[in-house]
Structure formats: structure tokens, C-alpha cells
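Single-structure report; data block below.
The values are calculated or read from the model by the stated rules, or taken from the named source; none is laboratory data. This one's a predicted model, so the numbers in the text were calculated from it and none came from an experiment. Here the Cβ positions follow ideal geometry from the backbone for every residue, glycine too, while neighbour counts run over all protein chains shown. Side chains included, ligands, DNA and RNA excluded: accessible areas come from the protein's heavy atoms. Shrake-Rupley method; radii C 1.70, N 1.55, O 1.52, S 1.80 Å.
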Amino acid sequence: MSNNYKVEEKQLKNIVAKHVKPVKEEEIVELCIYYKNKKLKNLFIHNKDKSPSDSSRHHVVYKYTCNKGGCNSSINQKVYIGYTTCALEERFRMHAQTGSIKEHLRTVHNINRIPKSDLLESTIVLRTCLNRRKLIMSEAILIKENKPNLNSQNEGCNRLLKIFKH
């Protein structure tokens with residue numbers, strides 16, 4: 001309901017009167033407009049963000065940056081770029097068990113058990129794309145542009161775009 005609802009009501013009534021004719025000539029067509037009040041809960045400002053958290057997002061290309069001692073300087077920054085079609089939370093459950101991120105944390109920082117929450121805190125979503133082929137291409141382009149040093153070539157080497165092979 002806008003502020004000038006009376007004007008809009010009059011315009012609607014004129015349109016109906018001009019273009020809608022009753023079947024029987026002795027009857028008239030009358031327009032009744034009802035307004036529904038807003039619920040009380042909709043009148044308050046909500047502090048809670050209703051958008052999905054990054055951990056539940058899927059079909060994304062993400063960037064993990066190691067924030068542990070020695071890796072958090074801009075010179076020595078360790079980065080991994082990957083894509084997932086499942087929820088990020090599920091993907092990082094896999095990263096906590098195996099792969100180059102776990103290997104880096106185990107060998108460089110002597111961390112054997114990695115909570116997925118720690119991994120998620122150090123991750124940002126770079127792109128979202130529901131088309132899997134576009135997702136894979138986005139990942140390949142972002143890897144080519146950013147040259148992440150935690151990505152090992154034996155992971156997903158069959159995903160490299162042919163235009164990027166030397």
C-alpha cells in the first residue's frame with residue numbers, strides 16, 4: 001500500500017468501470033479493495049541476516065588463505081583456490097581429512113587435526129555459478145590469474161583448461 005493509495009483506488013475503479021461490463025444490464029460491477037495489515041513482526045528491523053551463510057553455499061569457487069604464523073604476511077601468504085558443487089562446509093570437511101591444505105598445515109604448522117570451522121574462517125567465496133562447466137572454467141581462470149601456491153598440480157590436473165597448458 002503506497003502513500004497515494006486513494007488515487008490508485010480511484011484509477012482502478014475507473015478502469016474496471018470502463019472495461020468490465022456485467023452480463024445482465026440491470027446489474028452493476030463494483031470493485032471492493034481490501035487491504036491486509038502487516039504482521040507485527042514485519043514492522044521491526046531484523047538484526048539477523050537472512051542470507052545463507054558462506055558455509056552453506058554451493059556451486060562456488062572459493063579461496064582459502066592460511067592465517068597461521070609465518071603464512072599471514074603478504075610476502076609469505078599461502079593460498080588455495082578450488083571449486084565445489086556441494087556445500088562449502090562439506091567440502092572443508094574433506095579438506096580437513098586430505099589434500100594440499102591439510103598437508104600444508106601438517107608439515108608447516110605441525111597441525112594434524114584441523115577443525116572445518118578454522119578453515120571456513122579463512123575462506124572467501126570468489127564466484128558463484130550453478131553451471132558446473134562454467135564453475136570449472138572460473139576456477140581455472142582464477143588459478144591462472146592468482147597462481148595460488150597451495151594448489152598442487154596433481155589435484156584436478158585434468159580440470160586445467162587446454163589454453164593454459166604450456
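Over 18 Å from residue 55 (Cα atoms), open to solvent by 70 Å² or more (accessible area, probe 1.4 Å) and modelled with pLDDT under 90 - does that describe any residue in the stretch 111-129? Reasoning before the result, please.
Quick first cut of the stretch 111-129, residues over 18 Å from residue 55 (Cα atoms) only: 111-113.
Adding the requirement that they be open to solvent by 70 Å² or more (accessible area, probe 1.4 Å) leaves 112-113.
From what's left, modelled with pLDDT under 90: 112-113.
Checked the stretch 111-129: at least one residue is over 18 Å from residue 55 (Cα atoms), open to solvent by 70 Å² or more (accessible area, probe 1.4 Å) and modelled with pLDDT under 90.
Inside the stretch 63-77, can you point out the residues that are out of contact with any helix residue (DSSP H, G or I) (no Cβ under 6 Å at 6 or more places or on another chain) and surrounded by fewer than 22 Cβ atoms within 10 Å (Cβ to Cβ)?
63, 65, 67, 69, 70, 71, 72, 73, 74, 75, 76, 77
In the stretch 78-110, how many are open to solvent by 50 Å² or more (accessible area, probe 1.4 Å) and under 16 Å from the mean Cα position of the chain (by Cα)?
Step one: filter the stretch 78-110 for residues open to solvent by 50 Å² or more (accessible area, probe 1.4 Å), giving 78, 85, 89-91, 93-94, 97-98, 103, 106-108, 110.
Filter once more, keeping what is under 16 Å from the mean Cα position of the chain (by Cα): 85, 89-91.
Summing the residues that are open to solvent by 50 Å² or more (accessible area, probe 1.4 Å) and under 16 Å from the mean Cα position of the chain (by Cα) in the stretch 78-110 gives 4.
Residue 26 - would you say it is surrounded by 11 or more Cβ atoms within 10 Å (Cβ to Cβ), at pLDDT 85 or above and either over 33 Å from the mean Cα position of the chain (by Cα) or among the small types (Gly, Ala, Ser) (or both)?
no
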